[in-house]
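Notes follow the structure.
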Amino acid sequence: MTILESDSDRLLAAVRALLEQKGLVSTPEVRKQIAITDAANPGQGARMVAKAWVDPFYRDLLLEDGTRAAEALGIRMRGMPPLGVLENTPELHHLVVCTLCSCYPRAVLGYPPLWYKSAGYRARAIRDPRALLASEWKTVVPESVRLRVVDSTADYRWMVLPLRPAGTEDWDEHRLAATVRAGDMIGVTIPEV
Ligand code: FE
């Protein structure tokens, strides 16, 4: 044991060794899963959003089963919690938070930003989401639009299908995808063109 080894490192090593010993998961499998998680990025979610904007059949699939919709674009979802997708409309805006810790749709957005894990975001998203969005992101959700805050958990991850920006009617999927940011798919921002 070295002084650099923390309790959590030792716990992780012990759990891994036990899983391997019981034949449940091997070190190469763990490495592979870490590589997949490391490679995930918001561009994957953006591709899903852009496709849903141009393809009504894909949009239906996305809203019905986010996991299958991701897999349909070649995004690996095996071993990941199920993904649900919430559609923003002119009357309804969604905001995603994990009130408990940091559950985030990593498979399609990559690692969560630091603010997502902060106690401030988690508390204010529940207490006064409209004020939080306006003060931190300059995202103004008018009082006439209902704001629904959704709790992402270890068992179920959520992402937002934002409204397609006006003026993009003749844009192709690729160009649309380039406009969609991670924050748009959590609901803290709205796609801009
Ligand atoms: Fe969490």
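Computed from the coordinates by the stated procedures, all read-outs in this text should not be read as laboratory data. What you are looking at is a predicted structure, and each value in this text was computed from that prediction instead of being measured. Cβ atoms come from the backbone with ideal geometry, glycine included; neighbour counts cover every protein chain shown.
Looking at Ala177, Ala166, Ala182 in this structure, which one is small (Gly, Ala, Ser) and more than 29 Å from Ala35 (Cβ to Cβ)? Before you say what the answer is, go through the steps one by one.
Details: Ala177 fails: more than 29 Å from Ala35 (Cβ to Cβ); Ala182 fails: more than 29 Å from Ala35 (Cβ to Cβ).
Going through Ala177, Ala166, Ala182 in turn, the sole match is Ala166.
In segment 149-186, the qualifying residues are those that are away from the ligand (no atom under 16 Å from the Cβ) and in contact with a Gly (Cβ under 6 Å, 6 or more places away or on another chain), and the one that is nearest to Arg106 (Cα to Cα) is Met185. Residues that are over 17 Å from Glu192 (Cα atoms), within 16 Å of the ligand (Cβ to nearest atom) and in a strand (DSSP E or B): does segment 135-148 have at least one? Within segment 135-148, none of the residues are over 17 Å from Glu192 (Cα atoms), within 16 Å of the ligand (Cβ to nearest atom) and in a strand (DSSP E or B).
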